[in-house]
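Worksheet: one structure, shown below.
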Amino acid sequence: MISLSRFTLLSALWLISVYNFPFWTTVVSARNSEQISDIAFLLSAFSILVLTFNSLLALLTFRHTAKPIVISLLLLSAAATSFMWRFGIVIDKSVIQSVFETDWNEVSDLLSMRFLIGFALLGVVPATLISRLHVRLQPWSKELRIKFVTVVAGTLVSALLIWTFSAEYSSLLRNHRDLRFMLTPTNVINSLFGYLKQQGTPKPAKVASNAYRTADNPTNGKPSVLVLVIGETARAADFSLKDHERDTNPRLKKENIAYFPRVSACGTSTAISLPCMFSDLGEANYNPNKAQGRDNLLDTLTSSGIEVNWLDNNSGCKGICGRAVFEHLASRNIKGLCEGGECFDEILLPGLRERLAILKKDSVLVLHMKGSHGPAYYRRYPQQFESFTPTCKSVDLSRCPRGTIHNAYDNTIIYTDFIISEIIKALKTNEDSLNGALLYISDHGESLGENGLYLHGMPKLFAPREQVEIPMLAWFSKGFTKQKNLDLSCVKDNRKRAYSHDNLFHSVLGLFNVRTSFYTTSLDIFTMCRRGSFEQK
(Lines give C-alpha, C1' and ligand atoms only; values in the text may rest on other atoms or scores of the structure.)
Protein backbone atom coordinates (compact mmCIF):
# COMPACT_ATOMS: atom_id res chain seq x y z
CA MET A 1 0.00 0.00 0.00
CA ILE A 2 1.25 3.47 -0.89
CA SER A 3 -0.14 6.97 -0.46
CA LEU A 4 -1.28 8.90 -3.52
CA SER A 5 1.31 11.65 -2.96
CA ARG A 6 4.16 9.14 -2.79
CA PHE A 7 2.72 7.33 -5.82
CA THR A 8 2.83 10.49 -7.95
CA LEU A 9 6.35 11.36 -6.77
CA LEU A 10 7.69 7.90 -7.61
CA SER A 11 5.90 8.01 -10.97
CA ALA A 12 7.50 11.37 -11.76
CA LEU A 13 10.93 10.01 -10.81
CA TRP A 14 10.39 6.98 -13.03
CA LEU A 15 9.22 9.04 -16.02
CA ILE A 16 12.12 11.48 -15.83
CA SER A 17 14.79 8.86 -15.10
CA VAL A 18 13.87 5.88 -17.27
CA TYR A 19 12.31 7.35 -20.41
CA ASN A 20 14.53 10.33 -21.06
CA PHE A 21 17.94 8.89 -21.88
CA PRO A 22 18.14 10.80 -25.23
CA PHE A 23 17.21 14.02 -23.42
CA TRP A 24 19.81 13.63 -20.69
CA THR A 25 22.48 12.55 -23.16
CA THR A 26 21.98 15.80 -25.07
CA VAL A 27 22.02 17.90 -21.89
CA VAL A 28 25.21 16.26 -20.60
CA SER A 29 26.91 16.60 -23.99
CA ALA A 30 25.94 20.26 -24.11
CA ARG A 31 27.67 20.94 -20.81
CA ASN A 32 30.77 18.94 -21.83
CA SER A 33 32.41 19.39 -18.47
CA GLU A 34 33.01 17.54 -15.19
CA GLN A 35 33.18 20.63 -12.99
CA ILE A 36 31.25 20.64 -9.73
CA SER A 37 29.13 23.55 -11.00
CA ASP A 38 28.01 21.51 -14.01
CA ILE A 39 27.10 18.55 -11.81
CA ALA A 40 25.07 20.90 -9.63
CA PHE A 41 23.37 22.29 -12.74
CA LEU A 42 22.43 18.79 -13.95
CA LEU A 43 21.03 17.92 -10.53
CA SER A 44 18.99 21.12 -10.58
CA ALA A 45 17.58 20.27 -14.02
CA PHE A 46 16.66 16.79 -12.83
CA SER A 47 15.00 18.20 -9.70
CA ILE A 48 13.03 20.81 -11.65
CA LEU A 49 11.64 18.22 -14.04
CA VAL A 50 10.73 15.78 -11.26
CA LEU A 51 9.03 18.51 -9.25
CA THR A 52 7.18 19.79 -12.32
CA PHE A 53 5.97 16.36 -13.35
CA ASN A 54 5.00 15.58 -9.75
CA SER A 55 2.95 18.79 -9.56
CA LEU A 56 1.17 18.00 -12.83
CA LEU A 57 0.41 14.46 -11.68
CA ALA A 58 -0.84 15.77 -8.36
CA LEU A 59 -3.33 17.99 -10.18
CA LEU A 60 -4.50 15.18 -12.50
CA THR A 61 -4.65 12.15 -10.22
CA PHE A 62 -7.64 11.48 -8.01
CA ARG A 63 -9.50 8.44 -6.70
CA HIS A 64 -10.41 6.93 -10.09
CA THR A 65 -7.84 8.59 -12.35
CA ALA A 66 -4.49 7.96 -10.65
CA LYS A 67 -3.54 4.55 -11.99
CA PRO A 68 -5.13 4.92 -15.48
CA ILE A 69 -3.30 8.21 -16.09
CA VAL A 70 0.08 6.96 -14.90
CA ILE A 71 -0.25 3.66 -16.81
CA SER A 72 -1.15 5.55 -20.00
CA LEU A 73 1.87 7.83 -19.58
CA LEU A 74 4.16 4.85 -18.99
CA LEU A 75 2.99 3.02 -22.11
CA LEU A 76 3.16 6.18 -24.23
CA SER A 77 6.63 7.00 -22.94
CA ALA A 78 7.88 3.45 -23.46
CA ALA A 79 6.82 3.47 -27.12
CA ALA A 80 8.23 6.93 -27.78
CA THR A 81 11.53 6.23 -26.04
CA SER A 82 12.04 2.96 -27.91
CA PHE A 83 11.75 4.76 -31.27
CA MET A 84 13.95 7.65 -30.15
CA TRP A 85 16.67 5.28 -28.91
CA ARG A 86 16.64 3.11 -32.01
CA PHE A 87 16.61 5.77 -34.71
CA GLY A 88 17.98 8.90 -33.04
CA ILE A 89 14.80 10.80 -33.90
CA VAL A 90 12.92 13.43 -31.93
CA ILE A 91 9.16 13.69 -31.72
CA ASP A 92 7.28 16.71 -33.02
CA LYS A 93 3.95 17.36 -34.71
CA SER A 94 5.10 16.07 -38.10
CA VAL A 95 6.08 12.71 -36.56
CA ILE A 96 2.64 12.40 -34.96
CA GLN A 97 1.03 13.30 -38.29
CA SER A 98 3.07 10.60 -40.00
CA VAL A 99 1.90 8.05 -37.42
CA PHE A 100 -1.75 8.85 -38.10
CA GLU A 101 -1.41 9.02 -41.88
CA THR A 102 0.97 6.16 -42.71
CA ASP A 103 -0.11 2.67 -43.71
CA TRP A 104 0.26 -0.61 -41.85
CA ASN A 105 3.11 -1.89 -44.04
CA GLU A 106 5.26 1.09 -43.07
CA VAL A 107 4.34 0.75 -39.40
CA SER A 108 5.13 -2.97 -39.39
CA ASP A 109 8.66 -2.25 -40.64
CA LEU A 110 9.29 -0.33 -37.42
CA LEU A 111 7.89 -2.96 -35.04
CA SER A 112 10.93 -5.18 -34.67
CA MET A 113 11.29 -7.83 -31.98
CA ARG A 114 13.79 -5.60 -30.21
CA PHE A 115 11.21 -2.81 -30.08
CA LEU A 116 8.52 -5.15 -28.76
CA ILE A 117 10.83 -6.50 -26.06
CA GLY A 118 11.85 -2.99 -25.06
CA PHE A 119 8.23 -1.85 -24.98
CA ALA A 120 7.29 -4.83 -22.83
CA LEU A 121 10.11 -4.22 -20.33
CA LEU A 122 9.75 -0.44 -20.17
CA GLY A 123 5.98 -0.23 -20.52
CA VAL A 124 3.97 -3.38 -20.06
CA VAL A 125 5.83 -4.76 -17.01
CA PRO A 126 5.71 -1.56 -14.89
CA ALA A 127 2.13 -0.90 -16.05
CA THR A 128 1.14 -4.37 -14.86
CA LEU A 129 2.80 -3.82 -11.49
CA ILE A 130 1.04 -0.48 -11.07
CA SER A 131 -2.33 -2.03 -11.94
CA ARG A 132 -1.89 -4.40 -8.99
CA LEU A 133 -0.65 -1.71 -6.63
CA HIS A 134 -3.01 -0.53 -3.88
CA VAL A 135 -2.94 3.27 -3.62
CA ARG A 136 -4.13 4.57 -0.24
CA LEU A 137 -6.50 7.52 -0.56
CA GLN A 138 -6.91 10.24 2.05
CA PRO A 139 -10.16 12.10 2.83
CA TRP A 140 -10.91 14.75 0.21
CA SER A 141 -10.01 17.71 2.41
CA LYS A 142 -6.66 16.25 3.45
CA GLU A 143 -5.87 15.13 -0.09
CA LEU A 144 -6.52 18.62 -1.47
CA ARG A 145 -4.23 20.15 1.18
CA ILE A 146 -1.47 17.72 0.23
CA LYS A 147 -1.90 18.56 -3.44
CA PHE A 148 -1.81 22.28 -2.70
CA VAL A 149 1.41 21.99 -0.69
CA THR A 150 2.94 19.74 -3.41
CA VAL A 151 2.25 22.21 -6.21
CA VAL A 152 3.25 25.35 -4.29
CA ALA A 153 6.42 23.83 -2.85
CA GLY A 154 7.38 22.36 -6.22
CA THR A 155 6.84 25.69 -7.95
CA LEU A 156 8.86 27.66 -5.40
CA VAL A 157 11.80 25.24 -5.37
CA SER A 158 11.83 25.07 -9.17
CA ALA A 159 11.76 28.86 -9.44
CA LEU A 160 14.66 29.13 -6.99
CA LEU A 161 16.73 26.62 -8.95
CA ILE A 162 15.99 28.34 -12.26
CA TRP A 163 17.02 31.69 -10.78
CA THR A 164 20.23 30.20 -9.35
CA PHE A 165 21.27 28.68 -12.68
CA SER A 166 19.56 31.22 -14.97
CA ALA A 167 22.64 31.82 -17.14
CA GLU A 168 23.18 28.10 -17.70
CA TYR A 169 19.53 27.49 -18.60
CA SER A 170 19.47 30.48 -20.94
CA SER A 171 22.52 29.20 -22.81
CA LEU A 172 21.31 25.59 -22.95
CA LEU A 173 17.82 26.41 -24.25
CA ARG A 174 19.09 28.99 -26.74
CA ASN A 175 21.61 26.58 -28.29
CA HIS A 176 19.58 23.36 -28.04
CA ARG A 177 16.04 24.22 -28.99
CA ASP A 178 15.42 20.61 -29.95
CA LEU A 179 15.38 19.57 -26.28
CA ARG A 180 11.64 20.20 -26.07
CA PHE A 181 11.15 17.50 -28.71
CA MET A 182 13.16 15.02 -26.59
CA LEU A 183 11.49 15.35 -23.19
CA THR A 184 9.13 12.39 -22.86
CA PRO A 185 6.13 12.21 -22.57
CA THR A 186 5.52 15.95 -22.97
CA ASN A 187 6.93 15.86 -26.51
CA VAL A 188 4.31 13.29 -27.54
CA ILE A 189 1.42 15.01 -25.74
CA ASN A 190 2.22 18.50 -27.05
CA SER A 191 2.72 17.22 -30.58
CA LEU A 192 -0.51 15.21 -30.43
CA PHE A 193 -2.52 18.25 -29.33
CA GLY A 194 -0.85 20.33 -32.03
CA TYR A 195 -1.78 17.77 -34.67
CA LEU A 196 -5.40 17.50 -33.46
CA LYS A 197 -5.70 21.29 -33.32
CA GLN A 198 -4.79 21.63 -36.99
CA GLN A 199 -7.53 19.16 -37.98
CA GLY A 200 -10.26 21.78 -37.62
CA THR A 201 -12.36 22.79 -40.63
CA PRO A 202 -10.36 25.41 -42.57
CA LYS A 203 -11.72 28.29 -44.56
CA PRO A 204 -11.44 27.32 -48.24
CA ALA A 205 -9.41 29.35 -50.72
CA LYS A 206 -10.40 28.96 -54.37
CA VAL A 207 -6.97 29.03 -55.95
CA ALA A 208 -8.30 27.26 -59.05
CA SER A 209 -11.40 29.41 -59.61
CA ASN A 210 -9.71 31.88 -61.99
CA ALA A 211 -7.40 29.39 -63.74
CA TYR A 212 -7.37 29.20 -67.52
CA ARG A 213 -4.90 28.30 -70.29
CA THR A 214 -3.23 30.11 -73.14
CA ALA A 215 -2.44 28.34 -76.40
CA ASP A 216 0.59 26.14 -77.12
CA ASN A 217 2.32 25.90 -80.46
CA PRO A 218 0.32 23.66 -82.81
CA THR A 219 1.94 20.18 -83.11
CA ASN A 220 -0.39 17.96 -85.15
CA GLY A 221 -2.93 17.72 -82.36
CA LYS A 222 -0.78 15.62 -80.04
CA PRO A 223 -1.61 15.98 -76.33
CA SER A 224 1.05 17.10 -73.85
CA VAL A 225 1.70 14.59 -71.09
CA LEU A 226 3.79 15.24 -67.99
CA VAL A 227 4.68 12.28 -65.80
CA LEU A 228 5.30 13.77 -62.37
CA VAL A 229 7.20 11.21 -60.31
CA ILE A 230 7.20 11.75 -56.55
CA GLY A 231 10.15 9.97 -54.99
CA GLU A 232 10.13 8.68 -51.44
CA THR A 233 13.00 9.26 -49.00
CA ALA A 234 15.57 9.81 -51.75
CA ARG A 235 18.40 12.07 -50.68
CA ALA A 236 20.52 14.04 -53.11
CA ALA A 237 23.79 12.89 -51.55
CA ASP A 238 23.33 9.37 -52.95
CA PHE A 239 22.59 10.32 -56.56
CA SER A 240 25.66 9.95 -58.76
CA LEU A 241 24.02 12.51 -61.07
CA LYS A 242 25.09 14.90 -58.34
CA ASP A 243 28.44 13.84 -56.88
CA HIS A 244 27.98 10.49 -55.15
CA GLU A 245 31.11 8.39 -55.60
CA ARG A 246 29.09 5.28 -56.45
CA ASP A 247 27.38 4.91 -59.79
CA THR A 248 23.80 4.84 -58.54
CA ASN A 249 22.37 6.33 -61.78
CA PRO A 250 23.82 4.08 -64.51
CA ARG A 251 20.76 4.40 -66.78
CA LEU A 252 19.78 8.03 -66.28
CA LYS A 253 23.29 9.28 -67.03
CA LYS A 254 22.71 8.01 -70.58
CA GLU A 255 19.53 10.07 -70.99
CA ASN A 256 19.33 13.69 -72.06
CA ILE A 257 18.13 14.99 -68.72
CA ALA A 258 18.56 18.10 -66.62
CA TYR A 259 19.55 17.27 -63.05
CA PHE A 260 19.12 19.96 -60.39
CA PRO A 261 21.78 19.53 -57.66
CA ARG A 262 20.59 22.24 -55.25
CA VAL A 263 17.03 21.42 -54.21
CA SER A 264 15.58 21.43 -50.70
CA ALA A 265 12.44 19.86 -49.26
CA CYS A 266 9.57 21.67 -47.60
CA GLY A 267 9.66 19.24 -44.67
CA THR A 268 11.33 16.06 -43.50
CA SER A 269 8.30 13.74 -43.64
CA THR A 270 5.85 12.74 -46.35
CA ALA A 271 2.91 13.98 -44.30
CA ILE A 272 4.30 17.52 -44.45
CA SER A 273 6.27 17.62 -47.70
CA LEU A 274 3.72 16.04 -50.00
CA PRO A 275 0.82 18.49 -49.44
CA CYS A 276 3.32 21.36 -49.11
CA MET A 277 4.93 20.77 -52.51
CA PHE A 278 1.53 20.70 -54.22
CA SER A 279 0.42 23.93 -52.53
CA ASP A 280 0.93 27.49 -53.71
CA LEU A 281 1.64 28.59 -50.12
CA GLY A 282 5.33 27.73 -50.09
CA GLU A 283 7.28 26.53 -47.09
CA ALA A 284 7.30 29.89 -45.31
CA ASN A 285 3.50 30.18 -45.34
CA TYR A 286 2.58 26.51 -45.28
CA ASN A 287 0.20 25.31 -42.60
CA PRO A 288 -1.51 21.89 -42.86
CA ASN A 289 -4.85 23.24 -41.68
CA LYS A 290 -4.69 26.14 -44.13
CA ALA A 291 -3.61 23.91 -47.01
CA GLN A 292 -6.44 21.39 -46.46
CA GLY A 293 -9.05 23.95 -47.42
CA ARG A 294 -7.13 25.37 -50.33
CA ASP A 295 -7.09 24.33 -53.98
CA ASN A 296 -3.76 22.72 -54.79
CA LEU A 297 -1.76 22.14 -57.98
CA LEU A 298 -3.87 19.16 -59.07
CA ASP A 299 -7.13 21.04 -58.46
CA THR A 300 -5.85 23.95 -60.52
CA LEU A 301 -4.78 21.70 -63.40
CA THR A 302 -8.13 19.91 -63.41
CA SER A 303 -10.07 23.19 -63.35
CA SER A 304 -8.15 24.39 -66.40
CA GLY A 305 -9.12 21.30 -68.39
CA ILE A 306 -6.09 19.07 -67.88
CA GLU A 307 -6.69 15.43 -67.03
CA VAL A 308 -4.98 14.29 -63.83
CA ASN A 309 -4.30 10.70 -62.78
CA TRP A 310 -2.64 9.62 -59.51
CA LEU A 311 -1.02 6.17 -59.48
CA ASP A 312 0.06 5.23 -55.96
CA ASN A 313 2.51 2.69 -54.57
CA ASN A 314 2.86 4.45 -51.25
CA SER A 315 0.52 5.45 -48.43
CA GLY A 316 -1.89 7.58 -50.46
CA CYS A 317 -1.94 11.18 -51.58
CA LYS A 318 -2.54 12.78 -48.15
CA GLY A 319 -5.82 14.30 -49.32
CA ILE A 320 -4.46 16.25 -52.28
CA CYS A 321 -5.82 14.16 -55.18
CA GLY A 322 -9.54 14.60 -54.54
CA ARG A 323 -10.28 15.69 -58.14
CA ALA A 324 -7.84 13.27 -59.78
CA VAL A 325 -8.42 9.73 -60.98
CA PHE A 326 -6.80 7.67 -58.21
CA GLU A 327 -5.57 4.09 -58.18
CA HIS A 328 -3.60 2.32 -55.48
CA LEU A 329 -1.71 -0.18 -57.57
CA ALA A 330 -1.01 -2.65 -54.76
CA SER A 331 -4.60 -3.80 -55.30
CA ARG A 332 -3.48 -5.36 -58.60
CA ASN A 333 -1.30 -7.79 -56.64
CA ILE A 334 0.81 -8.78 -59.65
CA LYS A 335 2.77 -11.96 -59.02
CA GLY A 336 6.48 -11.32 -58.70
CA LEU A 337 5.96 -7.63 -57.92
CA CYS A 338 3.71 -7.80 -54.86
CA GLU A 339 3.74 -9.73 -51.63
CA GLY A 340 1.80 -9.20 -48.41
CA GLY A 341 -0.01 -6.13 -49.74
CA GLU A 342 3.26 -4.38 -50.60
CA CYS A 343 4.70 -4.00 -54.11
CA PHE A 344 7.94 -3.00 -55.76
CA ASP A 345 7.78 0.26 -57.71
CA GLU A 346 7.67 -1.62 -61.01
CA ILE A 347 3.96 -1.99 -60.25
CA LEU A 348 3.65 1.63 -61.44
CA LEU A 349 4.79 0.82 -64.96
CA PRO A 350 1.84 -1.29 -66.26
CA GLY A 351 -0.64 1.34 -65.05
CA LEU A 352 1.40 4.09 -66.69
CA ARG A 353 1.66 2.27 -70.03
CA GLU A 354 -2.07 1.60 -70.06
CA ARG A 355 -2.89 5.27 -69.61
CA LEU A 356 -0.30 6.51 -72.10
CA ALA A 357 -1.82 4.24 -74.76
CA ILE A 358 -5.31 5.78 -74.45
CA LEU A 359 -4.68 9.45 -73.59
CA LYS A 360 -6.41 11.90 -75.93
CA LYS A 361 -6.01 15.18 -74.03
CA ASP A 362 -3.35 17.09 -72.16
CA SER A 363 -2.60 15.18 -68.97
CA VAL A 364 -0.52 15.01 -65.82
CA LEU A 365 0.18 11.53 -64.48
CA VAL A 366 1.43 11.53 -60.88
CA LEU A 367 3.38 8.41 -59.88
CA HIS A 368 3.90 8.15 -56.12
CA MET A 369 6.80 5.77 -55.45
CA LYS A 370 7.67 3.61 -52.46
CA GLY A 371 11.23 4.58 -53.29
CA SER A 372 13.75 4.30 -50.48
CA HIS A 373 11.41 4.21 -47.51
CA GLY A 374 13.12 2.78 -44.44
CA PRO A 375 14.03 1.20 -42.26
CA ALA A 376 13.56 -1.94 -44.40
CA TYR A 377 15.59 -0.65 -47.37
CA TYR A 378 16.37 -4.20 -48.44
CA ARG A 379 12.67 -4.78 -49.14
CA ARG A 380 12.40 -1.90 -51.61
CA TYR A 381 14.07 -3.55 -54.59
CA PRO A 382 14.17 -6.97 -56.31
CA GLN A 383 17.19 -9.15 -55.67
CA GLN A 384 18.73 -8.45 -59.09
CA PHE A 385 19.22 -4.80 -58.09
CA GLU A 386 21.37 -5.63 -55.08
CA SER A 387 24.57 -4.20 -56.53
CA PHE A 388 26.21 -3.19 -53.24
CA THR A 389 26.78 -5.83 -50.59
CA PRO A 390 26.66 -6.81 -47.80
CA THR A 391 23.34 -5.23 -46.90
CA CYS A 392 21.51 -4.67 -43.65
CA LYS A 393 18.67 -7.20 -43.54
CA SER A 394 17.08 -5.87 -40.37
CA VAL A 395 14.61 -3.10 -39.58
CA ASP A 396 16.63 -2.40 -36.44
CA LEU A 397 19.24 -0.18 -38.09
CA SER A 398 21.17 0.42 -34.87
CA ARG A 399 22.24 -3.24 -34.95
CA CYS A 400 23.69 -3.08 -38.47
CA PRO A 401 27.11 -1.72 -39.45
CA ARG A 402 26.66 1.64 -41.14
CA GLY A 403 28.23 0.40 -44.35
CA THR A 404 25.59 -2.32 -44.76
CA ILE A 405 22.83 0.23 -44.22
CA HIS A 406 24.31 2.49 -46.86
CA ASN A 407 24.68 -0.44 -49.26
CA ALA A 408 20.99 -1.34 -48.95
CA TYR A 409 19.97 2.31 -49.34
CA ASP A 410 22.10 2.82 -52.46
CA ASN A 411 20.50 -0.28 -53.96
CA THR A 412 17.13 1.46 -53.62
CA ILE A 413 18.53 4.42 -55.57
CA ILE A 414 19.73 2.10 -58.35
CA TYR A 415 16.22 0.66 -58.50
CA THR A 416 14.72 4.16 -58.62
CA ASP A 417 17.12 4.93 -61.47
CA PHE A 418 15.73 1.90 -63.32
CA ILE A 419 12.09 2.90 -62.72
CA ILE A 420 12.63 6.46 -63.99
CA SER A 421 14.47 5.21 -67.06
CA GLU A 422 11.59 2.83 -67.81
CA ILE A 423 9.13 5.72 -67.56
CA ILE A 424 11.21 7.70 -70.06
CA LYS A 425 11.29 4.62 -72.31
CA ALA A 426 7.48 4.40 -72.15
CA LEU A 427 7.16 8.06 -73.13
CA LYS A 428 9.53 7.53 -76.07
CA THR A 429 7.51 4.50 -77.18
CA ASN A 430 4.40 6.68 -77.44
CA GLU A 431 6.03 9.64 -79.21
CA ASP A 432 3.82 9.15 -82.27
CA SER A 433 0.69 9.90 -80.23
CA LEU A 434 1.81 12.31 -77.50
CA ASN A 435 4.41 14.88 -76.47
CA GLY A 436 5.89 13.56 -73.25
CA ALA A 437 7.90 14.96 -70.37
CA LEU A 438 9.03 13.71 -66.98
CA LEU A 439 9.72 15.59 -63.76
CA TYR A 440 11.07 13.69 -60.75
CA ILE A 441 11.38 15.13 -57.25
CA SER A 442 11.73 13.45 -53.86
CA ASP A 443 9.57 14.30 -50.86
CA HIS A 444 12.44 14.45 -48.35
CA GLY A 445 15.82 12.91 -47.62
CA GLU A 446 17.11 10.41 -45.06
CA SER A 447 19.71 10.00 -42.33
CA LEU A 448 21.75 6.80 -42.51
CA GLY A 449 23.55 7.00 -39.20
CA GLU A 450 25.29 10.35 -39.63
CA ASN A 451 25.68 11.90 -36.16
CA GLY A 452 23.76 8.97 -34.70
CA LEU A 453 20.57 9.80 -36.64
CA TYR A 454 18.50 7.39 -38.70
CA LEU A 455 15.44 7.73 -40.96
CA HIS A 456 13.84 11.18 -41.20
CA GLY A 457 11.29 13.42 -39.49
CA MET A 458 13.58 15.77 -37.57
CA PRO A 459 12.03 19.22 -37.14
CA LYS A 460 13.06 21.25 -40.18
CA LEU A 461 14.76 23.86 -37.99
CA PHE A 462 17.22 21.27 -36.68
CA ALA A 463 17.20 18.71 -39.48
CA PRO A 464 20.56 17.69 -40.97
CA ARG A 465 21.15 18.33 -44.65
CA GLU A 466 20.80 14.61 -45.42
CA GLN A 467 17.08 14.88 -44.59
CA VAL A 468 16.53 18.15 -46.45
CA GLU A 469 18.61 18.05 -49.65
CA ILE A 470 16.72 16.11 -52.33
CA PRO A 471 17.17 15.07 -55.98
CA MET A 472 15.17 16.61 -58.82
CA LEU A 473 15.50 15.98 -62.55
CA ALA A 474 13.61 16.67 -65.76
CA TRP A 475 13.40 15.01 -69.16
CA PHE A 476 11.58 16.44 -72.20
CA SER A 477 10.81 14.87 -75.55
CA LYS A 478 11.50 16.85 -78.71
CA GLY A 479 7.78 17.17 -79.33
CA PHE A 480 7.18 18.59 -75.85
CA THR A 481 9.99 21.15 -76.08
CA LYS A 482 8.72 22.26 -79.49
CA GLN A 483 5.11 22.48 -78.32
CA LYS A 484 6.10 24.53 -75.27
CA ASN A 485 8.80 26.62 -76.99
CA LEU A 486 11.11 25.24 -74.33
CA ASP A 487 14.87 25.65 -74.74
CA LEU A 488 16.43 22.58 -73.10
CA SER A 489 19.95 23.98 -73.21
CA CYS A 490 18.68 27.00 -71.27
CA VAL A 491 17.15 24.68 -68.65
CA LYS A 492 20.48 22.89 -68.26
CA ASP A 493 22.34 26.18 -68.00
CA ASN A 494 20.13 27.19 -65.05
CA ARG A 495 19.98 23.83 -63.31
CA LYS A 496 22.57 24.74 -60.64
CA ARG A 497 20.44 27.48 -59.17
CA ALA A 498 18.94 26.86 -55.73
CA TYR A 499 15.40 25.48 -55.92
CA SER A 500 12.93 23.88 -53.51
CA HIS A 501 9.47 22.33 -53.29
CA ASP A 502 8.17 25.91 -53.54
CA ASN A 503 8.93 25.83 -57.27
CA LEU A 504 6.80 22.80 -58.16
CA PHE A 505 3.35 24.44 -58.16
CA HIS A 506 4.40 27.31 -60.41
CA SER A 507 6.69 25.32 -62.71
CA VAL A 508 4.06 22.71 -63.61
CA LEU A 509 1.43 25.39 -64.21
CA GLY A 510 3.91 27.22 -66.43
CA LEU A 511 4.65 24.11 -68.50
CA PHE A 512 0.94 23.82 -69.31
CA ASN A 513 0.41 27.56 -69.83
CA VAL A 514 -2.08 27.70 -66.96
CA ARG A 515 -2.76 31.25 -65.88
CA THR A 516 -4.01 32.14 -62.41
CA SER A 517 -3.50 35.02 -60.01
CA PHE A 518 -1.70 32.58 -57.69
CA TYR A 519 0.99 31.78 -60.25
CA THR A 520 4.35 33.45 -59.52
CA THR A 521 6.71 33.85 -62.46
CA SER A 522 9.85 34.04 -60.32
CA LEU A 523 9.12 30.58 -58.85
CA ASP A 524 8.68 28.94 -62.26
CA ILE A 525 11.92 27.08 -63.01
CA PHE A 526 11.27 27.02 -66.74
CA THR A 527 9.83 30.51 -67.35
CA MET A 528 13.05 32.09 -68.64
CA CYS A 529 13.53 29.17 -71.04
CA ARG A 530 10.08 29.28 -72.72
CA ARG A 531 10.80 31.68 -75.53
CA GLY A 532 7.72 33.86 -75.38
CA SER A 533 5.17 30.99 -75.47
CA PHE A 534 3.68 32.02 -72.13
CA GLU A 535 2.47 35.51 -71.53
CA GLN A 536 3.86 36.32 -68.10
CA LYS A 537 2.58 38.72 -65.57
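The values are calculated or read from the model by the stated rules, or taken from the named source; none is laboratory data. No experiment lies behind these values; they were computed from the predicted model shown. Cβ: placed from backbone, ideal geometry, glycine included. Neighbour counts: every protein chain shown. Note: accessible area is taken over every heavy atom of the protein model, side chains too, but ligands, DNA and RNA are not part of it. Shrake-Rupley method; radii C 1.70, N 1.55, O 1.52, S 1.80 Å.
Yes/no per residue for (1) in a helix (DSSP H, G or I); (2) at pLDDT below 95; (3) within 18 Å of the chain's Cα centre (by Cα):
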| site | (1), (2), (3) |
| --- | --- |
| VAL364 | no, no, no |
| PRO375 | no, yes, yes |
| THR389 | no, no, no |
| THR404 | yes, no, no |
| ASN407 | yes, no, no |
| GLU431 | no, yes, no |
| ASN451 | yes, yes, no |
| PHE462 | no, yes, yes |
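When we screen LEU301, LEU281, LEU274, LEU297 for residues that are more than 22 Å from the chain's Cα centre (by Cα) and buried (at least 20 other Cβ atoms within 10 Å of the Cβ), the only hit is LEU301. For segment 119-138, a residue qualifies if it is within 34 Å of the chain's Cα centre (by Cα), over 9 Å from LEU75 (Cβ atoms) and among the small types (Gly, Ala, Ser), and exactly one does: ALA120. With the requirement that a residue be crowded, with 21+ Cβ neighbours inside 10 Å, among the polar types (S, T, N, Q) and in contact (Cβ under 8 Å) with a residue 24 or more places away in the chain, what does segment 401-457 give you? Residues satisfying the conditions are ASN411, THR412, THR416, ASN435, SER442, SER447. Contact annotation: residue pairs with Cβ atoms under 7 Å, 6 or more positions apart or on different chains, pairing a residue in segment 135-155 that is surrounded by fewer than 17 Cβ atoms within 10 Å (Cβ to Cβ) with a partner that is assigned to a loop (DSSP other than H, G, I, E, B), are ARG136/MET1; LEU137/ARG63; ILE146/GLN138. Can you say whether PHE462 is among the aromatic types (Phe, Trp, Tyr) and open to solvent by less than 10 Å² (accessible area, probe 1.4 Å), as far as the supplied structure shows? Criteria not met by PHE462. Which condition does LEU455 not pass, out of (1) modelled with pLDDT of 90 or more; (2) in contact with a strand residue (DSSP E or B) (Cβ under 8 Å, 6 or more places away or on another chain), if it passes all the others? LEU455 satisfies every listed condition except (1). Cβ contacts < 7 Å: first residue closer than 10 Å to THR8 by Cβ, restricted to segment 51-65; second residue open to solvent by 20 Å² or more (accessible area, probe 1.4 Å) and aliphatic (A, V, I, L, M), any location; separation 6+ or different chain. Result? Every condition considered, the pairs that remain are ASN54/LEU9; SER55/VAL151; ALA58/VAL151; LEU59/VAL151; LEU60/ILE69; THR61/ILE69. As an exercise: evaluate SER108 against (1) among the small types (Gly, Ala, Ser); (2) open to solvent by less than 40 Å² (accessible area, probe 1.4 Å); (3) modelled with pLDDT under 75 and give the number of the one condition it does not meet. For SER108, the failing item is (2). Look at SER94 and say whether it is hydroxyl-bearing (Ser, Thr, Tyr), farther than 19 Å from ASP396 by Cα and at pLDDT below 75. Yes. Residues of segment 494-501 include none that is part of a helix (DSSP H, G or I), of a type in the set (Gly, Ala, Ser) and open to solvent by 10 Å² or more (accessible area, probe 1.4 Å). Restricting the first member to segment 221-232 and to residues that are in contact (Cβ under 8 Å) with a residue 40 or more places away in the chain, and the second to residues that are among the charged types (D, E, K, R) and crowded, with 24+ Cβ neighbours inside 10 Å, the beta-carbon pairs closer than 7 Å and six or more apart or on different chains are ILE230/ASP443; GLY231/ASP443; GLU232/LYS370; GLU232/ASP443.
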